[in-house]
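Student: First, the structure itself, so that you have it in front of you.
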Amino acid sequence: MQDDLLVVGFDLEARREVHVAEREPEHWKRLGYGGTGQLVCFYCFHGFEAPAGTRVSLVTRGRLGGKVRRHFAHPPGQAPAGGHGPETVWHITTKHLLAAWARSRPGVDRVRLEQWTEDRDRRADVEVLLRDGTKIALEAQRKLMTDDGWRARHRDYARQGVVDV
Ligand SMILES: [Zn+2]
């Protein structure tokens, strides 16, 4: 997976994160740069490599079956110097992949994608509710986690009756 390709944007009107695969490119073009402008860079808007609240309307690139998969991009000259941090982009992208995967599984009643907040307390990246009532928390973690860190998180989830994965 290419880490620096942006596939998650933020819809200012809907107030939610969107994934490029959710809709056709034409849809995003209507909302992005040159359109209504409400589709902005998730990372710039949330204060990564730019002051929080920065609105950079996105362009949509890549065609189905093309060399490069569909993705969003800053318009020329509007990207932060050096782009956005690969770790952050990886985490947000993976969260959306996990949610899409969970939605495709049988026995899944509801999938909730945690919207990004500044002070992320103990909330799952992706919360999955099974039809039998089981609650599962999916976490995207690439960096090595300490045993203590993992145990603390696990205990918090266990207290809430949540299976953490
Ligand atoms: Zn940005």
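The values are calculated or read from the model by the stated rules, or taken from the named source; none is laboratory data. Keep in mind that this is a model prediction, so the values were computed, not measured. Methodologically, a virtual Cβ is constructed for each residue, glycine included, from the backbone with ideal geometry; neighbour enumeration extends over all protein chains shown.
For (1) farther than 20 Å from Lys95 by Cα; (2) under 14 Å from the mean Cα position of the chain (by Cα), each residue gets a yes or a no:
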residue: Val8; (1), (2): no, yes
residue: Arg23; (1), (2): no, no
residue: His27; (1), (2): yes, no
residue: His46; (1), (2): no, yes
residue: Val59; (1), (2): yes, no
residue: Val68; (1), (2): yes, no
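Student: Now, a different point. Where the second residue is near the ligand (Cβ under 10 Å from one of its atoms) and the first is among the acidic types (Asp, Glu) and lies in the stretch 37-57, which pairs have Cβ atoms under 9 Å and are six or more apart or on separate chains?
Tutor: Pairs that qualify, where the first residue is among the acidic types (Asp, Glu) and the partner is near the ligand (Cβ under 10 Å from one of its atoms), are Glu49/Tyr43; Glu49/Ala79; Glu49/Pro80; Glu49/Gly83; Glu49/His84.
Student: Which one is modelled with the lowest pLDDT among residues in the stretch 113-128 that are surrounded by 14 or more Cβ atoms within 10 Å (Cβ to Cβ) and more than 14 Å from Asp164 (Cβ to Cβ)?
Tutor: Trp116
Student: Scanning the stretch 53-74 for residues that are surrounded by fewer than 14 Cβ atoms within 10 Å (Cβ to Cβ) and over 17 Å from Arg16 (Cβ atoms), which turns out modelled with the lowest pLDDT?
Tutor: Leu64
Student: Still on this model: Scan the stretch 36-52 for residues that are in a loop (DSSP other than H, G, I, E, B) and surrounded by 14 or more Cβ atoms within 10 Å (Cβ to Cβ) and report the count. Break it down stepwise before answering.
Tutor: So the first thing to find is which residues in the stretch 36-52 are in a loop (DSSP other than H, G, I, E, B), and the list is 36-38, 46-52.
Checking the rest, the ones that are also surrounded by 14 or more Cβ atoms within 10 Å (Cβ to Cβ) come to 37-38, 46, 48-50.
Within the stretch 36-52, residues that are in a loop (DSSP other than H, G, I, E, B) and surrounded by 14 or more Cβ atoms within 10 Å (Cβ to Cβ) number 6.
Student: Still on this model: Under 7 Å by Cβ, and 6 or more places apart or on different chains, what pairs join a residue from the stretch 1-18 that is of a type in the set (Gly, Ala, Ser) with one that is modelled with pLDDT of 95 or more and assigned to a loop (DSSP other than H, G, I, E, B)?
Tutor: Gly9/Leu58
Student: So, one more: Six or more apart or on different chains, Cβ atoms under 8 Å: show the pairs whose first residue is in the stretch 72-100 and touching a residue at least 12 places away in the same chain (Cβ under 8 Å) and over 18 Å from Leu39 (Cβ atoms) and whose second is crowded, with 18+ Cβ neighbours inside 10 Å and among the β-branched types (Val, Ile, Thr).
Tutor: Lys95/Val126; Leu98/Val126; Ala99/Val111; Ala99/Val126
A quick yes/no check of all residues on (1) touching a helix residue (DSSP H, G or I) at 6+ places or on another chain (Cβ under 6 Å); (2) within 10 Å of the ligand (Cβ to nearest atom); (3) under 21 Å from Pro86 (Cβ atoms):
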site: Glu13; (1), (2), (3): no, no, no
site: Arg23; (1), (2), (3): no, no, no
site: Lys29; (1), (2), (3): no, no, no
site: Thr36; (1), (2), (3): no, no, no
site: Val40; (1), (2), (3): no, yes, yes
site: His46; (1), (2), (3): no, yes, yes
site: Thr54; (1), (2), (3): yes, yes, yes
site: Arg61; (1), (2), (3): no, no, yes
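Student: Scan the stretch 79-99 and give yes if some residue there is farther than 30 Å from Trp150 by Cβ and loosely packed, with under 13 Cβ neighbours inside 10 Å, otherwise no.
Tutor: First, the residues of the stretch 79-99 that are farther than 30 Å from Trp150 by Cβ: 79-83.
Filter once more, keeping what is loosely packed, with under 13 Cβ neighbours inside 10 Å: 81-82.
Within the stretch 79-99, one or more residues are farther than 30 Å from Trp150 by Cβ and loosely packed, with under 13 Cβ neighbours inside 10 Å.
Student: A follow-up question, please. Name the residues in the stretch 75-104 that are in contact with a His (Cβ under 8 Å, 6 or more places away or on another chain) and under 12 Å from Ala140 (Cα atoms), would you?
Tutor: Matches in the stretch 75-104: His96 only.
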